[in-house]
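Some notes on the structure that comes next.
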Amino acid sequence: MNPNTTFHYVIVNTVTGKLHKKDIHSYGTQYPTERGAKIVATKLTKKTGEKHEVELGMNFKPKMRKVKSLMSGVDIAIEEDTPACCDPSTETYWSM
């Protein structure tokens, strides 16, 4: 294993399988310590009623999907759970 590899902890919703994000623009919030991630996972579980668990991610990459831009027609890779306002294949994105 490369000694320069960084490990981060991520929080996953066990019901939906999606990563927890602090805000709409992040790919999934990463925590440098397991303790910090467990604290947030516990708070999320109490707040939403859905189970959240901590997983160790090594340079974690989000699940991506390909969409076609409405303006240019070019295929673009975006994160799987990107909202319509940030998705270039929707009219909402181009009308804002």
Q) Which one of 67, 74 is more than 17 Å from residue 16 (Cβ to Cβ), in contact with an Asp or Glu (Cβ under 9 Å, 6 or more places away or on another chain), without any contact (Cβ under 8 Å) to a residue 24 or more places away in the chain and among the β-branched types (Val, Ile, Thr)? A) 67
Q. Considering only residues of the stretch 28-42 that are among the charged types (D, E, K, R) and surrounded by 12 or more Cβ atoms within 10 Å (Cβ to Cβ), which is farthest from residue 14 (Cα to Cα)?
A. 34
Q: Could you list, in sequence order, all residues of the stretch 81-96 that are under 24 Å from residue 13 (Cβ atoms) and loosely packed, with under 12 Cβ neighbours inside 10 Å?
A: 83, 84, 85
Q | strands (runs of 3 or more DSSP E) lying entirely in the stretch 1-91 (those with 3 or more residues that are out of contact with any Cys (no Cβ under 9 Å at 6 or more places or on another chain) and at pLDDT 90 or above) | A | 64-68, 75-79
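The values are calculated or read from the model by the stated rules, or taken from the named source; none is laboratory data. If you're wondering where the values come from, they're calculated on a predicted model, not measured in any experiment. Positions of Cβ are backbone-derived with ideal geometry, glycine not excepted, and every protein chain shown enters the neighbour counts.
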